[in-house]
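These notes concern the structure reproduced below.
The values are calculated or read from the model by the stated rules, or taken from the named source; none is laboratory data. None of these values were measured; they are calculated from a predicted model. Methodologically, a virtual Cβ is constructed for each residue, glycine included, from the backbone with ideal geometry; neighbour enumeration extends over all protein chains shown.
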Amino acid sequence: MAITDFSDPFDAIVDAPFDSALSERYLIYAMSTITARSLPDVRDGLKPVHRRLLWAMRLLRLDPASGYKKCARVVGDVIGKYHPHGDQSVYDAMVRLAQTFALRYPLVDGQGNFGNIDGDNAAAYRYTEARLTQVAIDLMAGLDEDAVDYRPTYNGEEQEPELFPGLFPNLLANGASGIAVGMATSIPPHNAAELIDAAVMLIDRPDADDAQVMDHVKGPDFPTGGIVVDPPAAIAESYASGRGGFRVRARWTIEREKGGGWQAVVGEIPYGVQKGKLIEQIAALINDRKLPILADVRDESDAEVRIALEPRSRAVDAQILMDGLFRLTDLEVRVPLNLNVLDKDRTPRVMSLAGALKAWVAHQFVVLQRRSRHRLDKIADRIELLDGYIVAYLNLDRVIAIIRAEDEPKPVLMAEFALTDRQAEAILNMRLRSLRKLEEMELRQERDRLEKEQAELEALLASEARQRTRLKRDLAKLRHRYGPETALGARRTTIEEAAPARILPLEAMIDREPITVILSQRGWIRAMKGHVDLAATDATRFREGDGPRFAFHAHTTDKLVLATESGRFFTLGADKLPGGRGFGEPVGAMVDIDGEGGIVALSKAGGGRLLVAASDGRGFLVRAADVIAETRKGKQVMNPRTGAKLKLVRPVNDGDDYLAVIGDNRKLVVFPLSEVAELTRGQGVQLQRYREGGLSDARSFVFAEGLSWTMGGDSGRTRSESDLSPWRAARGAAGRMPPNGFPRNNRFD
């Protein structure tokens, strides 16, 4: 009777600190992800899933000369024998190996729908078929010659190679990308012929640095073409450190049309960019009027990429249009470089370009030596059999007699002719029809050939110079297959330094149209089309109890500067203002002015300097560019003292050398503008001193031309005072009464 085990399963629980138990298990998971999933091996450039896919296809005899087999068959073999993971993830990896726009040198030859550059997915694996490409065959060359070690599969029923020995430089030629735990890799593809040239150089000069390698490898070579526009120094720095990136732009041309019109045609897009999403990006720019100089985009692609870009008018500068698209869309992207790979000891390392190539070359020497030793073993086995066959031929009648007469002929043959067990077994297993082939001359000729090859291989293994020569000869054959004169090997990406895409002038981003900006007393803002008569703005409709505060002419391309009593400045885009048919919108809906006090000034942003002054008579000069705010929250420019508030913001004209300040107490003071500090933020200096009241107005002027002010009434006349010596004083003085005729409101305009 069977005895049932009723032991408590909780007896196996071990008490341990949670943090140590968690860290131990997470470390195991992290190392598994790094070494067995996400990072490629520097020697063959493959991750385990890709290696197992190609291995399974090889066992199915899906070489380039054979027919295609369903991808479902391949995926089934892979997940059933080698890679016990989800079928969809395995199929996705297989699809990428077949996509000509994803891999520079595809390893799988797909038949059916394997997706496209628009971003459409591949058909299900029951509909698609595949076989290996010649590149994959080159990458796996030597698997039958003991070139690499094998290991048991996850269930111990099969064997799989730990890596591929082939001579194709797959890591850098096809690149790789992956995200592990705490690290990632991103390697762009390169030109195989250039890599082979650099490898040949490293064979002769193993101590060469990255600069010498870059004499051959100019930069990435993407399957989708494009232009790498980084300067050579930046490319060299990225390759030397193994970290960095490359700016890749689309390749475009201008097609002229009859009548002087033109359109820009994009024929190659950056690597990794989905064409469908790129078209959507450009269309969104047009719909949102973020690039008004672009009128239309059309996808005219067939087997080749062709994106037609139609400008708003023939007068548009093509380079300005493309610069705008480079900045605003994925027509220019940054392809990262992070050469993080597993070295020969399965340790993750970030290598330089030269370091990765040197590791691959070192691996090829190991493969050459292992294949040579394997061939020597095969030759020795064959020579042993040939010696037995020669003995049998020379004593054929006696051999036949022994076989006919003896119940156990093997020991008799071994004893009489001094044969080994293998030789005797080979003679006994020989068919009668093979006897006619036992001609001594042919056997000895084959033996001589093998002995010659044996001597050459032994000399090869004994000489590093011979190994270098042999490897260079093998690489030369490979380069002939992938040379720049071949369709597959020709460089597709141009390395051509270019300046960063220019920031487009505002006029290129926004249609320049005249408007009249109106801000009401209660803070409602709008923009009327055209430059209306400012004198007629009083007749413009306002809400009950409201009226005009500021009104001026501008254009939709202008930036507007709004200042509040708290000293905070805000920036508005004239093109973003509500239309002038209604009452407009509260300016607080566009910027956060709540709690900042009343509005002091609203004007067009310009160059030069501004005078900002508070009600207590303190002020300073500030560059107009320094008051531009980038966010809704604005920028604090002036910090008025307690009880004071920003009183005025005045432009300072070029050439002005004096400042006139008048207070509520009707005292005027004039002093050199050079006595006023220029700041970017602060309280400023004392412009005028008051016993009671505060600042009323201030303005800069040219001292030699005198001080002018607007007369009262509707006459529009001005009056000037040329002799200002009575009011000339040091900054901060109290001043004296202004000239006769000065306005009673104590303002200069």
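See the values below:
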read-out: Hey, Ala704 modelled with pLDDT of 90 or more and either not in a strand (DSSP E or B) or not aliphatic (A, V, I, L, M) (or both) or not; value: no
read-out: Residue that is surrounded by the fewest Cβ atoms within 10 Å (Cβ to Cβ) [pool: residues in the range 564-592 that are acidic (Asp, Glu) and in contact (Cβ under 8 Å) with a residue 60 or more places away in the chain]; value: Glu585
read-out: Scope the range 112-147; condition crowded, with 18+ Cβ neighbours inside 10 Å and of a type in the set (Gly, Ala, Ser); matching residues; value: Gly115, Ala122, Ala130, Ala136, Ala141, Gly142, Ala147
read-out: Ala123, sole failed condition from (1) within 21 Å of Pro64 (Cα to Cα); (2) at pLDDT 95 or above; value: (1)
read-out: Criterion violated by Tyr150 - all others in (1) surrounded by fewer than 21 Cβ atoms within 10 Å (Cβ to Cβ); (2) under 32 Å from the mean Cα position of the chain (by Cα) satisfied; value: (2)
read-out: Members of the range 236-260 that are under 22 Å from Val273 (Cβ atoms) and touching a Lys or Arg at 6+ places or on another chain (Cβ under 8 Å); value: Gly245, Phe246, Arg247, Val248
read-out: Any hit, the range 655-678, residues being at positive phi and touching a strand residue (DSSP E or B) at 6+ places or on another chain (Cβ under 6 Å); value: no
read-out: Among residues of the range 708-738, those that are more than 14 Å from Pro672 (Cβ to Cβ) and either free of Cβ contacts under 8 Å to residues at least 40 places away in the same chain or part of a strand (DSSP E or B) (or both), counted; value: 18
read-out: So Glu630, is it within 42 Å of the chain's Cα centre (by Cα) and of a type in the set (Asp, Glu); value: yes
read-out: Qualifying residue in the range 365-384 (condition: of a type outside the set (A, V, I, L, M), surrounded by 14 or more Cβ atoms within 10 Å (Cβ to Cβ) and over 30 Å from Asp138 (Cα atoms)); value: yes
read-out: Residue list for the range 330-354, restricted to those being surrounded by 21 or more Cβ atoms within 10 Å (Cβ to Cβ) and not hydrophobic (A, V, I, L, M, F, W, C); value: Glu332, Asn340
read-out: Checklist (1) of a type in the set (Ser, Thr, Tyr); (2) in a strand (DSSP E or B); (3) surrounded by fewer than 19 Cβ atoms within 10 Å (Cβ to Cβ) applied to Ser674, failing item; value: (2)
read-out: Meets criteria (within 25 Å of Ser238 (Cα to Cα), modelled with pLDDT under 95 and in a helix (DSSP H, G or I)) for Arg327; value: yes
read-out: Complete set of residues in the range 388-412 that are buried (at least 16 other Cβ atoms within 10 Å of the Cβ) and not hydrophobic (A, V, I, L, M, F, W, C); value: Gly388, Tyr389, Tyr393, Pro409, Lys410
read-out: Considering residues of the range 291-305 that are exposed (fewer than 15 other Cβ atoms within 10 Å of the Cβ) and part of a loop (DSSP other than H, G, I, E, B) only, the residue modelled with the lowest pLDDT; value: Ala303
read-out: 2 or more residues free of Cβ contacts under 8 Å to residues at least 24 places away in the same chain and either buried (at least 17 other Cβ atoms within 10 Å of the Cβ) or among the hydroxyl-bearing types (Ser, Thr, Tyr) (or both): qualifying strands (runs of 3 or more DSSP E) within the range 225-290; value: none
read-out: Residues of the range 454-495 that turn out to be surrounded by 12 or more Cβ atoms within 10 Å (Cβ to Cβ), outside any helix (DSSP H, G or I) and of a type in the set (D, E, K, R), as a count; value: 2
read-out: Residue that is surrounded by the fewest Cβ atoms within 10 Å (Cβ to Cβ), among those in the range 306-317 that are at pLDDT 90 or above and either outside any loop (DSSP other than H, G, I, E, B) or in contact with a Pro (Cβ under 8 Å, 6 or more places away or on another chain) (or both); value: Ala308
read-out: Selection count, the range 649-694, where residues are of a type in the set (A, V, I, L, M, F, W, C) and under 13 Å from Leu611 (Cα atoms); value: 11
read-out: Hits in the range 537-576 - residues which are at pLDDT below 90 and either in a loop (DSSP other than H, G, I, E, B) or assigned by TED's automatic domain parsing to the domain that holds Leu648 (or both); value: Thr540, Arg541, Phe542, Arg543, Glu544, Gly545, Asp546, Gly547, Thr556, Thr557, Asp558
read-out: Any hit, the range 59-72, residues being out of contact with any Phe, Trp or Tyr (no Cβ under 9 Å at 6 or more places or on another chain), without any contact (Cβ under 8 Å) to a residue 24 or more places away in the chain and of a type in the set (Asp, Glu); value: no
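Let's see how each residue does on (1) assigned by TED's automatic domain parsing to the domain that holds Arg541; (2) assigned to a strand (DSSP E or B); (3) closer than 18 Å to Gln688 by Cα; (4) not polar (S, T, N, Q):
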site	(1), (2), (3), (4)
Phe583	yes, no, no, yes
Gly595	yes, no, no, yes
Val612	no, yes, yes, yes
Asp616	no, no, yes, yes
Ala629	no, no, no, yes
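Rundown of residues vs (1) of a type in the set (A, V, I, L, M); (2) surrounded by fewer than 24 Cβ atoms within 10 Å (Cβ to Cβ), yes/no style:
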site	(1), (2)
Pro161	no, yes
Leu171	yes, no
Ala180	yes, yes
Asn191	no, no
Val200	yes, yes
